[in-house]
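Okay, structure first, notes after.
Laboratory data are not the source of any read-out in this text; all were calculated from the coordinates shown. Quick caveat: nothing in here was measured; it's all calculated off a predicted structure. Cβ: placed from backbone, ideal geometry, glycine included. Neighbour counts: every protein chain shown.
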């Protein structure tokens with residue numbers, strides 16, 4: 001069977017990895033009887049590929065939604081026909097009515113934006129199967145039978161640290177003090193202020209030496225020079241932080257504060273306590289605390305995890321148990337199940 005996948009540069013923003021590429025490489029090794037066509041719109045350095053993989057590089061580089069439209073409506077149909085693909089896995093949240101072979105639709109972001117939801121619903125009605133990556137999307141009963149919840153694999157570097165390694169990280173980043181580590185995605189500038197207010201509440205009521213390290217986009221923070229606890233806050237930026245550095249900060253933190261499932265998975269893989277902000281409470285069962293995106297709710301959970309050591313240890317144990325489910329082998333196996341179900 002010839003299975004084609006679009007590998008777009010956009011996906012490389014998540015820890016420098018790409019969901020479609022990782023799934024394709026895993027499947028190529030576990031299912032050598034199939035042929036995988038990796039279609040790139042940009043040059044990329046890859047190590048030696050399995051012999052059942054063919055790379056196709058064609059321009060122009062996709063830079064915006066108009067580029068995507070051109071690619072999916074005009075470029076891809078002829079490429080897929082040339083390589084006699086039986087199934088096509090597009091870039092997440094993309095679909096083409098001009099591609100006549102069976103397509104899978106990847107959902108990789110939670111959204112309530114009406115225009116996005118409307119277009120998504122139109123696309124998934126035509127899709128042969130839906131890959132729910134991560135599982136935040138709750139399909140209507142109409143789509144349940146064709147929806148597959150796919151775990152997001154993580155690089156092996158996301159793993160628990162021994163005590164001495166954690167102490168070394170704290171010495172390097174937080175003056176040997178414990179710290180909260182908050183990952184605030186680009187576009188969440190409002191929550192950045194909420195995070196600082198929550199930390200103020202925490203410091204006010206706990207008189208603790210805990211620090212706060214924030215990983216975010218390079219936003220300007222109004223009047224940060226007046227922030228009372230600015231000496232206890234370190235701002236780090238995505239562009240200047242390596243994957244290894246992020247993994248170390250997650251693994252050594254007292255508690256991680258995250259806003260999406262992929263960042264929560266990375267925390268879980270490090271067997272670290274987590275607070276998930278503004279999401280579904282049933283997402284990870286007992287492996288995380290949950291808070292609304294306001295300072296009262298978040299600071300309450302920060303105080304809870306600080307004061308209740310037994311609860312914090314439970315979160316660590318639950319994370320360690322759950323982590324084994326989030327591997328590329330698990331993800332690829334479910335994707336392959338979806339592919340074979342539509343043949």
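Quick notes on this one:
- Convex hull volume of the C-alpha atoms in region 63-113, normalised per residue: 90 Å³.
- Gain on full stretching of the segment that runs from residue 229 to residue 163 - 0.36 nm per residue minus C-alpha separation: 21.0 nm
- Only beta bridges with both residues in region 1-80 are counted; by DSSP, about 10 percent of them are antiparallel.
- Rounded to the nearest 10 degrees, the inclination of helix 189-206 to the longest alpha-carbon principal axis of the chain is 30 degrees.
- Gyration tensor (Cα) of the chain, equivalent ellipsoid semi-axes in angstrom: 39, 20, 19
- Among 102, 207, 166: highest mean-square fluctuation, GNM of the chain, C-alpha pairs under 10 Å: 207
- Distance in nm between pseudo-label sites at residue 308 and residue 171 (7 Å out along the Cβ direction from Cα): 3.4 nm
- Dimensionless Rg over Rh [region 24-153; C-alpha; Kirkwood]: 0.96
- Residue with peak Gaussian network fluctuation, the chain [Cα springs, cutoff 10 Å], from 172, 109, 301: 172
- Zone residues, region 167-208, relative to residue 241, backbone N less than 11 Å from point 7 Å out along Cα-to-Cβ: 181-186
- Its convex hull of Cα atoms gives region 171-267 a direction-averaged projected area, equal to a quarter of the hull surface, of 6.1 nm².
- Peptide ranges 45-54, 174-183, 209-218 listed from the most packed, as the mean C-beta count within 10 angstrom indicates: 174-183, 209-218, 45-54
- Here, region 243-343 is characterised by an Rg to Rh ratio of 1.06, where Rg is the alpha-carbon radius of gyration and Rh the Kirkwood radius.
- Each distinct pair of alpha carbons in region 27-104 adds a 1/r term; the inverse of their mean, the Kirkwood radius, is 13.5 Å.
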